[in-house]
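Novice: My structure is below; once you've seen it, I'll send some questions.
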Amino acid sequence: MPFTFITPPEILFGHDQSSRTLEVARRFGSRFFLVTGGRSFETLAVAKLFFGLPRWSVSGEPDVATVDEGVRRCREAGADVVVAVGGGSVMDAAKAVAGVAANEGSVRDYLEQVGDRKLATPPLPLIAVPTTAGSGSEATKNAVIRVPDLKVKRSIRHDLLVPRVAIVDPDLSAAAPRPVAASAGLDAFTHLLEGYVSTGAHAMTDALALPGIRKAARGLRALAEGNHTAESQEAMALASLWGGIVLANAGLGAVHGLVAPLGGRCAIPHGIGCACLLVETMKTNLVALRQRAPQSPALERYQKVARRLSFRSPEDLAEGLAALRRLLGVGSLASFGVTPDDIAPIVKASRGGSMKYNPIELTDAELEGIVRASL
């Protein structure tokens, strides 16, 4: 089948590769705007590279006001390169800043289904250095931003928002606290699994998705058993990177269709939302496929994943993922404040974006059942 394939022009992967960040950034300019996470940034060995540079710290998932503040600071600094060092929220904020700072107006003007204005001027060059193994945002062309007044999350999207260089150093994600590593790892697993069974999957994404799923499963199991090693951390970092490439090229599915309005309405962290919804979405997809599309190639794909992970059936795999989530200590949606009253608005707002790539179209009742069972 015809396909396109988008990926960062350059990827540096491996231990201590983050020490090359400034060397790489200097290829693109001389006035750097550094975007980082909160206090955890100071604990990273790489932090000493950036002493004295203009720095903007992002706390939590970025919303419109947060990004607009970053754009203001970036313009005031006269920056010609944006460097992002942090988790998925930092990557999203930095990509949005790099895009809007080179243009005019607010990030809200450029969000899909909100402003829909297109970036007229290419974004500032972005160097992405992830410190968690999960979002894969260092390899994607969009940034997800909360719009609090509308209680939604929307993307600013452009091919040139793909970072110019992604520097993936497993040493950085090794420092993440266990709860952060768990939710991030389950996010990466979800990207790979949804991308593999997506209607947009193709040969190039398959080549990364299936081995990536095995690496993510191995890394999550090691984390759950308290046996996280340099090898498992490297596997998890690679799975996260591949997950970002897969989602950018194959699309995702109902988990991400639901998690966007869930996160917009309830402010639940993205990785946690994916972790909570994954099992019930998989179960619902399997029932719907067996009943309404028994010849769908997605059923064989689910079966192939199950076999690769030593499960007899996709249903057994779903139960195994539920057990793994419990071992990792990731709570349910209710433990993060989601209530039955939130279900209908979440389902109503879930039909755009990722949902169109789900292997089968789900009814509102099926989507409501996923969220209810995930409470």
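Novice: To make sure I understand the rule: partners must be lysines, Cα under 18 Å from the Cα of Lys215, and not fewer than 8 residues away in the same chain. Which ones qualify?
Specialist: Lys304
Novice: Out of the DSSP beta bridges found with both residues in the chain, what percent are antiparallel (nearest 5)?
Specialist: Counting only bridges with both partners in the chain, antiparallel ones make up about 25 percent.
Novice: Using a Gaussian network model on the chain with a 10 Å cutoff between Cα atoms, which of Ala181, Ala365, Ala139 fluctuates the most?
Specialist: Of the options given, Ala365 has the highest mean-square fluctuation.
Novice: Cα to Cα, under 21 Å, and not fewer than 8 places away if on the same chain: which lysines meet these conditions relative to Lys141?
Specialist: List returned: Lys95, Lys118, Lys153, Lys356.
Novice: Under 1.5 on a/c is rounded, so check that first for region 160-208, then, if it is not, pick prolate when a/b is larger than b/c and oblate when it is not; a ≥ b ≥ c are the square roots of the alpha carbon gyration tensor eigenvalues. Walk me through the intermediate numbers first.
Specialist: Details: a/c = 2.63, a/b = 1.41, b/c = 1.87.
Judged from the Cα gyration tensor, region 160-208 comes out oblate (a/c at least 1.5, b/c at or above a/b).
Novice: Considering only DSSP states other than H, G, I, E and B, which GluC sites (Glu not before Pro) in region 212-259 qualify as loop sites with at most 13 other Cβ atoms within 10 Å?
Specialist: Glu225
Novice: Check each of the trypsin sites (Lys or Arg not before Pro) in region 285-327 and keep only those in coil by DSSP with at most 11 other C-beta atoms within 10 angstrom; list them in order.
Specialist: Sparse-neighbourhood loop trypsin sites (Lys or Arg not before Pro): Arg312.
Read the figures in this text as sums done on the coordinates, not as results from a lab. On a predicted model such as this, the values are computed, not experimentally measured, just so you know. Every residue, glycine as well, gets a Cβ built from its backbone with ideal geometry; the counts of neighbours run over all protein chains shown.
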